[in-house]
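The values are calculated or read from the model by the stated rules, or taken from the named source; none is laboratory data. Here the structure is a predicted model, which is why all the values come from computation and not from measurement. Reconstructed Cβ throughout: ideal geometry from the backbone, glycine too, with neighbour counts over all protein chains shown.
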Amino acid sequence: MRPRASVEAETWPSPLLLKTAVETRSDPVNPIHRLRRYVEAFFGQRACLLIQADNARSMGSPFVAEVLEAAFRQLDNGRQISALIDGWPGDTGAAALALRLNAGLHALARSGRLLYLSELYAGAHRDFDEAIALAFTLHDETIAEALRHPTQTNEVGRTAAIYAALARLATWTGMPCELLELGSSSGLNLNLARYGYRLGSIALGDRGSKLQLQPDWHGRSPPAAPVQVIGARGVDLSPMDPTNPETAERLMSFVFADQPKRLERLSVALQLAKALPTKVDQASALPWVVRRLSEPQDNRTCRVVFHSMVLQYFSDDERASTMAAIEQAGSRSTEERPLAHIAFEWTKDRSQVELSLRIWPWNCSKVLAICHPYGDWISWLD
């Protein structure tokens, strides 16, 4: 007989009820921040699971939300897991601790090592609490190990927004570009010129590619300017080899289990990476970008620094210093050797994801679009 889940679902308040309670208060601060403070005051560091569950549900992933809510209720079944979360020394949100736990559970389910959990993910039953309790009890060490490693995602859906920004840049400079990516992980987004895109009413990129991206598009179509990438290189603290089966499986585990389109496009991108290897250096972003931007730049070539959903993992000092280094390089640029910075990042209050473009030496800066965090839709503003 399977052990029963230690805490029944009904004994904990729903995060939706908590959010409703918070948003009825008179505090003028962003509701996301109010929710976080309110829940953390009750539950400490493990509150990150409820907060991420609410985020997942708002992004159309109810299954992941239920997994994280059950994980919150059953956390004490995993001695090492609960100790790591409760004793986490820093900001659990910045560390994406809940996403690490979700990935650990998803990886275990995909491995087939715990049948009842695999059956939950396959839709054979909906006993979230017992499946998660079993996972924590029987695979405590495995899931705890997953918590010790930072998130590793290559969301290739975001390349549609980056490519649209490159098309807009091409209308300005008319030059081929050299790409430098911060937080490249396994480098899949460095292959963006090898993917095809349907952006509004226009087709861009490689129309013969096996990976065709078509986000829901709102607003005018981006310019139909040709994008020529003559070089692409990235950096990551812990770069991953996409041709390694274990690496590929880890990347798959970080995709929400109830988002099959994301899983499918990642799978295709991983297959393409075997034939189209990219260069990702192991280093911290700041010294790396300083070195790269100090290197000679070909005449009539635009150098482009880009990143997507990376700055949230930087410390305040690292973020400020990296942006300052890019600006300093921009001040040295010329019309024959321009520099551009493309960012796909949360706003400071984490209320929305913006796609921004800045170009030197003209020092022109624009917010081009508001985007879904995974690139599922793009609202073009330019």
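Residue-by-condition table, conditions (1) among the hydroxyl-bearing types (Ser, Thr, Tyr); (2) surrounded by 14 or more Cβ atoms within 10 Å (Cβ to Cβ); (3) touching a Lys or Arg at 6+ places or on another chain (Cβ under 7 Å); (4) at pLDDT 95 or above:
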| site | (1), (2), (3), (4) |
| --- | --- |
| Gly208 | no, no, no, yes |
| Gln214 | no, no, yes, yes |
| Trp217 | no, yes, no, yes |
| Arg220 | no, no, no, yes |
| Ile230 | no, no, no, yes |
| Val235 | no, yes, no, yes |
| Asp258 | no, yes, no, yes |
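Residues that are outside any loop (DSSP other than H, G, I, E, B) and touching an Asp or Glu at 6+ places or on another chain (Cβ under 7 Å): does the range 309-320 have at least one? Within the range 309-320, one or more residues are outside any loop (DSSP other than H, G, I, E, B) and touching an Asp or Glu at 6+ places or on another chain (Cβ under 7 Å).
Quick check: is even one residue across the range 160-171 of a type in the set (Phe, Trp, Tyr) and closer than 25 Å to Leu188 by Cα? Explain how you work it out, then say what you get.
Let us first name the residues in the range 160-171 that are of a type in the set (Phe, Trp, Tyr), namely 163.
Next, only the ones that are closer than 25 Å to Leu188 by Cα stay: 163.
Yes: the range 160-171 contains one or more residues that are of a type in the set (Phe, Trp, Tyr) and closer than 25 Å to Leu188 by Cα.
Looking at the range 280-331, which of its residues are over 20 Å from the mean Cα position of the chain (by Cα), in contact (Cβ under 8 Å) with a residue 40 or more places away in the chain and over 21 Å from Arg168 (Cβ atoms)? Of everything in the range 280-331, those that are over 20 Å from the mean Cα position of the chain (by Cα), in contact (Cβ under 8 Å) with a residue 40 or more places away in the chain and over 21 Å from Arg168 (Cβ atoms) turn out to be Trp288, Val289, Arg292, Leu293, Asp298.
In the range 357-382, the residues that are assigned by TED's automatic domain parsing to the domain that holds Ala340 form Cβ pairs under 6 Å with partners that are crowded, with 18+ Cβ neighbours inside 10 Å and among the polar types (S, T, N, Q), at six or more places apart or across chains, as follows: Trp360/Ser333; Pro361/Ser333.
Scanning the range 299-316 for residues that are modelled with pLDDT of 95 or more and of a type in the set (D, E, K, R), which turns out surrounded by the most Cβ atoms within 10 Å (Cβ to Cβ)? Per the criteria, the residue is Arg303.
Tallying residues that are touching a helix residue (DSSP H, G or I) at 6+ places or on another chain (Cβ under 9 Å) and more than 24 Å from Arg303 (Cα to Cα) within the range 333-370 yields 3.
Note on the range 202-291: enclosed strands (runs of 3 or more DSSP E) holding 2 or more residues that are within 25 Å of Ala369 (Cβ to Cβ) and either in contact with a helix residue (DSSP H, G or I) (Cβ under 6 Å, 6 or more places away or on another chain) or not assigned by TED's automatic domain parsing to the domain that holds Arg110 (or both) are 202-205, 216-218, 229-236. Taken together, the residues in the range 177-195 that are within 14 Å of Leu166 (Cα to Cα) and part of a strand (DSSP E or B) amount to 5. Listed conditions (1) within 25 Å of Trp380 (Cα to Cα); (2) not in a helix (DSSP H, G or I) are all met by Ala165, apart from (2).
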